[in-house]
Amino acid sequence: MRSRVVGTGSAVPDRVLNNHDLEKMVDTTDEWITTRTGIKERRIASSDDFTSTLATRAALNALDMAGIEPAELDMIIVATVTPDYPFPSTAALLQNNIKAVNASAFDISAACSGFVYAASIVDKFIKSGTVKNALVVGSEILSRIVDWSDRNSCLLFGDGAGAVVLQADNGNSGILDTFMMSDGSNWDLLYQPAPGNRNPASYKVVDERLAFIRMQGNEVFKLAVRAMEDAAIKALAAGHMTPADVDLFIPHQANRRIIDAIGKRLGIPAEKVYVNIERFGNTSSASIPIALDEANRKGLIKPDNILLLDAFGGGMAWGAVTIRW
Ligand code: UT7
């Protein structure tokens, strides 16, 4: 039994914040951002966009492509670090929005690797025969936890959502192998200090800017390149494959230089690497499903193609998924 991708969808806010806009907000330049990250612009949520509403739009697009009714879903996982509320889960809100009345619904927290982790979890349920149709969503409104006065981090992040419908299938297509790994010893290289029970709501949280992302970018960068290379090789090796077998590599879009370095290390030529970071920045758990949906709708993925999804982020948590289309 395999988990076949039968639908993809995505949704991003309309508002565009480009590098020239950022030049007016912090001490930076379009040239610095472009050469150091590859990002030209990112999408920013309006006051009536929420992680659940972007997730809902992406999910409905994916379900529409799949030709599946919400009531046919058995499981919904939303990967997010920017939930609408600490609880209940954003997945519960999504379930209610789309009336997926026969599904279990829950969130997972694995930062930028959230989509890869969620797809891996669903794959095990599908392979065990427990779940037939599942919705996996990565959705984030990072603009509300970005410190817009911190030039080291604010330029990187954007908002958006991506979704896939996975369906149990007896054929050869679908998720082939998954790999997941974490290293909690580096948890403080990338985190949001509040809200949480270490720093409950207080004036201190506001005064000390604790509700915003803190990141040691350079350290994260170095770890990301090594870990994503390792995850890719392990997921491929589990299916007796090598990077030479990959038709389309869809890495997490965190920094163009990270993507290029991994492509080079793996020996995957640039034309097989899907990159959209210049338009969306780093949308954390949403970046891979948005890129997958774009590639799919552009007709870049053919039947039998081997796809490699690969992510790294806060936790630190990383992982990879191989798919035969
Ligand atoms: O999704 C996974 C999580 N996140 C990541 O994967 C992020 C990974 N890290 C990165 O993408 C990069 O580390 C950054 C883009 C965040 C930073 O790029 P970098 O090449 O690592 O720059 P740096 O932090 O080493 O800084 C180099 C210089 C510094 O100046 P000095 O000390 O050399 O004088 C910074 O102060 O660039 C300066 N700088 C800036 N200059 C203009 C830092 N940010 C900016 C800026 N504009 N926005």
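The values are calculated or read from the model by the stated rules, or taken from the named source; none is laboratory data. Bear in mind that the values here come from a model prediction, so they are computed numbers and not experimental data. Note that each Cβ is placed from the backbone with ideal geometry, even for glycine, and that neighbours are counted across all protein chains shown. Heavy atoms of the whole protein, side chains included, go into the accessibility calculation; ligands, DNA and RNA do not. Shrake-Rupley method; radii C 1.70, N 1.55, O 1.52, S 1.80 Å.
Please indicate, with yes or no, whether at least one residue in the range 37-52 is within 16 Å of the ligand (Cβ to nearest atom), in contact (Cβ under 8 Å) with a residue 40 or more places away in the chain, on the phi > 0 side of the Ramachandran plot and out of contact with any Cys (no Cβ under 9 Å at 6 or more places or on another chain).
Yes: the range 37-52 contains one or more residues that are within 16 Å of the ligand (Cβ to nearest atom), in contact (Cβ under 8 Å) with a residue 40 or more places away in the chain, on the phi > 0 side of the Ramachandran plot and out of contact with any Cys (no Cβ under 9 Å at 6 or more places or on another chain).
Test SER149 against the stated conditions and say whether it is surrounded by 14 or more Cβ atoms within 10 Å (Cβ to Cβ), within 16 Å of the ligand (Cβ to nearest atom), of a type in the set (S, T, N, Q) and in contact (Cβ under 8 Å) with a residue 60 or more places away in the chain.
no
From the set of residues in the range 271-318 that are closer than 24 Å to THR35 by Cβ and aromatic (Phe, Trp, Tyr), which is surrounded by the fewest Cβ atoms within 10 Å (Cβ to Cβ)?
TYR274
From the list SER149, SER153, exactly one residue is more than 30 Å from ILE68 (Cβ to Cβ) and touching an Asp or Glu at 6+ places or on another chain (Cβ under 7 Å). Which is it?
SER153
Given the criterion within 13 Å of the ligand (Cβ to nearest atom) and at pLDDT 95 or above, identify the matching residue among PHE115, PHE106.
The match here is PHE115.
So which helices (runs of 4 or more DSSP H) stay within the range 226-325 end to end and still have 3 or more residues that are farther than 24 Å from ILE121 by Cα, within 11 Å of the ligand (Cβ to nearest atom) and under 19 Å from the mean Cα position of the chain (by Cα)?
By residue number, 256-266.
Restricting attention to the range 92-130, which residues are open to solvent by 30 Å² or more (accessible area, probe 1.4 Å), farther than 11 Å from VAL78 by Cα and part of a helix (DSSP H, G or I)?
ASN96, ASN97, ILE121, LYS124, PHE125, LYS127
Can you pull out every residue in the range 287-321 that is among the hydrophobic types (A, V, I, L, M, F, W, C) and free of Cβ contacts under 8 Å to residues at least 60 places away in the same chain?
ALA295, LEU300, ILE301 - these are the residues of the range 287-321 that are among the hydrophobic types (A, V, I, L, M, F, W, C) and free of Cβ contacts under 8 Å to residues at least 60 places away in the same chain.
Based on this model, can you work out whether ASP159 counts as open to solvent by 40 Å² or more (accessible area, probe 1.4 Å) and under 30 Å from TRP32 (Cα atoms)?
no
Please specify each residue of the range 191-221 satisfying the condition of being open to solvent by less than 100 Å² (accessible area, probe 1.4 Å), within 16 Å of the ligand (Cβ to nearest atom) and in a helix (DSSP H, G or I).
GLY217, GLU219, VAL220, PHE221
Check whether at least one residue in the range 235-254 is among the acidic types (Asp, Glu) and either within 27 Å of ASP159 (Cβ to Cβ) or buried (at least 20 other Cβ atoms within 10 Å of the Cβ) (or both), and report yes or no.
No, the range 235-254 contains no residue that is among the acidic types (Asp, Glu) and either within 27 Å of ASP159 (Cβ to Cβ) or buried (at least 20 other Cβ atoms within 10 Å of the Cβ) (or both).
Against the condition closer than 22 Å to SER185 by Cα, modelled with pLDDT of 95 or more and not charged (D, E, K, R), how does LEU210 come out, does it pass?
yes
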